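The values are calculated or read from the model by the stated rules, or taken from the named source; none is laboratory data. Predicted model only: the values in this text are computed from it and were never measured. All Cβ positions, even for glycine, are placed from backbone atoms using ideal geometry, and neighbour counts span all protein chains on display.
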Amino acid sequence: MVFIKSLVKTIEANEFEIQNREIPVLNKGEVLIKVDYCGVCGSDLHAANHDPGYEFVPKPIVLGHEISGTITKVKSDNDENLLNKRVVITPGIVCGQCEACKNGDINICENISATGLHFDGGMSEFIKAKREQVIPIPDELSLDIAALTEPLSVSIHAVCQLGEQIRGKDVLVQGCGIIGMCTAIVAKNFGANVTLSGLKRDLNTRLKKAQIFDLNIHINDENSYNQMFDYVFECSGSSPAFENSIGQIKKGGAAVLVALYKNQMILSPNILVRREIDILGSYASNIKDFEHALSLLLKQQKAFRQLIKLYPLEDGANAFLEANNQEVLKPVLQI
Ligand SMILES: [Zn+2]
Ligand SMILES: [Zn+2]
């Protein structure tokens with residue numbers, strides 16, 4: 001029997017242990033991936049913290065879905081072309097049968113289950129995945145940066161809710177976590193005038209990275225806005241922040257909700273009606289967004305590398321701690 005090293009989140013909240021686990025056994029249509037890098041996602045933090053809404057996550061579990069690695073084994077002969085391919089994966093295992101799947105909207109599949117949340121994920125030397133989950137990465141793209149593909153694809157999905165109409169327009173991105181940062185970068189790539197907002201305490205940590213991508217910044221707890229925006233992308237997860245942002249949207253504008261919210265919100269429907277403001281939701285991403293993300297990462301590899309901080313797998317607990325303290329924008333485990 002072959003054993004592999006895995007970072008296991010135990011039955012306790014925020015407790016991690018390195019364990020030797022059996023290497024996954026492949027079923028039909030599955031491939032084995034040697035994981036090189038695995039990002040720590042916001043959803044991993046919530047799951048490790050046993051937050052409400054994450055009761056479905058098994059305990060113990062190997063978390064992680066933002067992986068990059070190399071396929072070392074396939075089950076079916078007709079998958080042999082995938083051998084030795086450098087890949088990332090889409091986190092969801094989807095049914096392929098429901099209306100959403102048939103439309104290519106795999107992110108809102110009726111029967112989705114997520115790698116590293118519903119079952120063991122990528123914070124491990126090896127992971128198995130379905131061939132449909134696998135997306136090859138360009139030869140020139142480094143595997144460490146490829147670990148950003150999934151979070152960047154989520155931002156691309158969000159910006160594509162509005163698409164080309166944001167070109168030349170004033171866009172506010174609220175929240176300077178990795179999704180907010182990536183959303184601001186993508187919006188800028190679409191030709192928008194982008195302002196990224198955060199709190200004073202973010203100035204020397206997460207918000208500092210905004211200058212790499214030439215983004216305007218706004219400190220929410222110090223100043224009020226001196227302008228209105230055509231479009232707002234809400235990535236902070238703060239209900240009051242979203243409620244307030246509605247007053248900053250120009251007539252005929254729109255807000256896209258990208259974060260998830262612990263608390264309910266109070267919105268005045270009359271403002272939305274009289275000012276013709278649209279509110280759109282955006283959840284996760286699909287294959288098209290992944291491919292778009294890979295091409296953007298390839299174009300700006302050097303800049304994107306400055307968004308990640310590497311931790312050895314053995315130091316995984318520390319990566320979670322620093323992420324929870326919002327000291328680091330995107331922790332990535334190096335395996
Ligand atoms: Zn993620
Ligand atoms: Zn489906």
Check: For the range 85-97, does any single residue satisfy the condition of being away from ligand 2 (no atom under 16 Å from the Cβ), in contact with a strand residue (DSSP E or B) (Cβ under 7 Å, 6 or more places away or on another chain) and either of a type in the set (Ser, Thr, Tyr) or not in a strand (DSSP E or B) (or both)?
Finding: yes
Check: How many residues are free of Cβ contacts under 8 Å to residues at least 60 places away in the same chain and either within 16 Å of ligand 2 (Cβ to nearest atom) or touching a Ser or Thr at 6+ places or on another chain (Cβ under 7 Å) (or both) when one looks only at the range 154-175?
Finding: 0
Check: Say we look at the range 98-115 and pick out the residues that are among the polar types (S, T, N, Q) and free of Cβ contacts under 8 Å to residues at least 40 places away in the same chain; which of these is nearest to ligand 2 (Cβ to nearest atom)?
Finding: 111
Notebook entry, point to check: Taking the range 228-238 only, how many residues are under 20 Å from the mean Cα position of the chain (by Cα) and among the hydroxyl-bearing types (Ser, Thr, Tyr)?
Noted result: 2
Check: What pairs can you find where one residue is in the range 42-68 and away from ligand 2 (no atom under 16 Å from the Cβ), the other is among the polar types (S, T, N, Q) and not in a loop (DSSP other than H, G, I, E, B), and their Cβ atoms are less than 7 Å apart, with a gap of 6+ or different chains?
Finding: 45/324; 62/6; 62/124; 65/115
Notebook entry, point to check: Among the residues of the range 192-202, is any under 28 Å from residue 16 (Cβ atoms), charged (D, E, K, R) and modelled with pLDDT of 95 or more?
Noted result: no
Next item on the list: Any chance you could count how many residues in the range 293-335 are in contact with a strand residue (DSSP E or B) (Cβ under 8 Å, 6 or more places away or on another chain), of a type outside the set (Val, Ile, Thr) and in a loop (DSSP other than H, G, I, E, B)?
Entry: 2
Notebook entry, point to check: Hey, among 266, 271, which residue is without any contact (Cβ under 8 Å) to a residue 24 or more places away in the chain and either touching a helix residue (DSSP H, G or I) at 6+ places or on another chain (Cβ under 8 Å) or of a type in the set (Val, Ile, Thr) (or both)?
Noted result: 266
Checklist line | Residues located in the range 36-50, provided they are of a type in the set (A, V, I, L, M) and either farther than 17 Å from residue 236 by Cα or surrounded by 24 or more Cβ atoms within 10 Å (Cβ to Cβ) (or both) | finding: 40, 47, 48
Note to self: With the requirement that a residue be assigned to a helix (DSSP H, G or I) and either loosely packed, with under 14 Cβ neighbours inside 10 Å or over 15 Å from the mean Cα position of the chain (by Cα) (or both), what does the range 266-287 give you?
What the structure shows: 269, 270, 271, 272, 273, 274
Item checked: Only listed residue being closer than 27 Å to residue 24 by Cβ, more than 16 Å from ligand 2 (Cβ to nearest atom) and free of Cβ contacts under 8 Å to residues at least 60 places away in the same chain, chosen from 139, 120 -> 139
Checklist line | Criterion (of a type in the set (D, E, K, R), within 26 Å of residue 214 (Cα to Cα) and more than 23 Å from the chain's Cα centre (by Cα)) met by exactly one of 302, 309, 330, 250 | finding: 250
